[in-house]
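> Sharing a structure here in structure tokens format.
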Amino acid sequence: MVWGRTSIGAPSGKYLIYVKKPTEPKFSNTFLEEEFENILHELGYVKEKDYFKNHWISGYNLDFAFPSIKVAFEPGATYWHTPKNVEGEKVNPYGLSPEEVYFPPIPKDLNKNKVLTSKGWVIGWLNEDFIKHKKEIAEWVHSLIESKMKIK
């Protein structure tokens, strides 16, 4: 349940307390997220066991997170990861920082990457071109996860 308060209709200096109507989840699967999740499944990783979707850490949402080894993946279209009113470009289909994948990257992504990598996370960024390189992506994802598991 979510509680709210309002001064509307309440005596001066007082509030009315009420139960808010539950809202729909903010996040839903995009085509790119579904394609990436298929790669994870083909590699044998299991949702809610090995990885979690829309995992919050340090105030940031991670599309796919392996919290036990601090590995995350952010598949997303260039449109959403480059500034508005700028002709954003794809740099590489995947990389370990937003600037390796998008040009110019949005500041929010740069901050997310900086904060989380300083806390030991490895974040794999992917733009829409990753679906043209699924075998290569699968090998890259597997190697990132395995290398962090060896360190753990």
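What follows is calculated from the coordinates using simple rules that are stated; it is not laboratory data. As the structure is a prediction and not an experimental result, all values here were calculated from the model. Cβ placement follows ideal geometry from the backbone for every residue including glycine, while neighbour counts extend to all protein chains displayed.
> For helix 31-42, what angle does its Cα long axis make with the longest principal axis of the chain, in degrees from 0 to 90 and rounded to 10?
60 degrees
> Still on this structure, please answer the following. Charges on Cβ only, +1 for Lys and Arg, -1 for Asp and Glu, centred on the Cα centroid of the chain; of ASN111, PRO93, ASN29, which one is farthest towards the dipole's positive end?
Sorting the options by dipole projection puts first ASN111.
> Given the -39500 (n - 2.57) contribution per DSSP H run of 4+ residues, what per-residue ellipticity at 222 nm results for the chain, rounded to the nearest 500 deg cm²/dmol?
Values: 5 runs with 50 residues, N = 152.
Per the formula, -9500 deg cm²/dmol.
> With θ taken as phi - 60° and the coefficients 6.51, -1.76 and 1.60, list the Karplus ³J(HN,Hα) couplings across the stretch 109-123 in order, rounded to whole Hz; mark glycine and proline as x.
Here the 3J(HN,Hα) series is 5, 4, 5, 4, 4, 5, 5, 6, 5, 5, 9, x, 7, 10, 10 Hz.
> Picking from GLY76, GLY13, GLY59, which is most flexible by a Gaussian network model of the chain using Cα springs under 10 Å?
With Cα springs under 10 Å in the chain, the top fluctuation among GLY76, GLY13, GLY59 is at GLY13.
> Let me ask something else. Give the shape of the stretch 48-100 as rounded, prolate or oblate, defined through the alpha-carbon gyration tensor: a ≥ b ≥ c are the square roots of its eigenvalues, a/c under 1.5 means rounded, and otherwise the shape is prolate if a/b is larger than b/c and oblate if not.
Details: a/c = 2.78, a/b = 2.04, b/c = 1.36.
Prolate is the answer for the stretch 48-100, as a/c is 1.5 or above and a/b outweighs b/c.
> Residue separation times 0.36 nm, minus the C-alpha to C-alpha distance between VAL46 and LYS114: what's the value? Numbers along the way, then the final one.
Working: separation 68, 0.36 × 68 = 24.48 nm, distance 2.76 nm.
The span from VAL46 to LYS114 would gain 21.7 nm if fully extended.
> Continuing with this model, one more query. Whole-Å semi-axes of the stretch 47-152's equivalent ellipsoid, largest first, each the root of 5 times a Cα gyration tensor eigenvalue? Don't skip to the answer; put the middle values down first.
Numbers: eigenvalues 99, 54, 26 Å².
Equivalent ellipsoid semi-axes, largest first: 22, 16, 11 Å.
> DSSP beta bridges in the chain, what fraction antiparallel, as a percent rounded to 5? Please list the in-between numbers first.
Working: 17 of 23 bridges.
Approximately 75 percent, going by the DSSP bridge assignments.
> While we're here: Quick check: net charge around LYS119, other residues with Cβ under 12 Å of its Cβ, Lys/Arg +1 and Asp/Glu -1?
Details: positive: LYS70, LYS112, LYS114; negative: none.
Local charge sum for LYS119: +3.
> Kindly identify the stretch 94-152 as rounded, prolate or oblate by the Cα gyration tensor criterion: order the square roots of the eigenvalues as a ≥ b ≥ c, call it rounded if a/c is under 1.5, otherwise compare a/b with b/c, prolate if a/b is larger, else oblate. Don't jump to the answer; show the numbers that get you there.
On the way: a/c = 3.74, a/b = 1.07, b/c = 3.51.
Because a/c hits 1.5 or more and a/b fails to exceed b/c, the stretch 94-152 counts as oblate.
> Helix 134-151 versus the longest principal axis of the chain: what angle, 0 to 90°, nearest 10, using Cα atoms?
Long axis of 134-151 versus the principal axis of the chain: about 80 degrees.
> With the cut-off at 25 Å, tell me which of the pairs LYS90/LYS134; LYS49/LYS114; LYS53/LYS150 have Cα atoms farther apart than that. Could you put the intermediate results ahead of the total?
Numbers: LYS90/LYS134 17 Å; LYS49/LYS114 27 Å; LYS53/LYS150 23 Å.
Violating the 25 Å limit, Cα to Cα: LYS49/LYS114.
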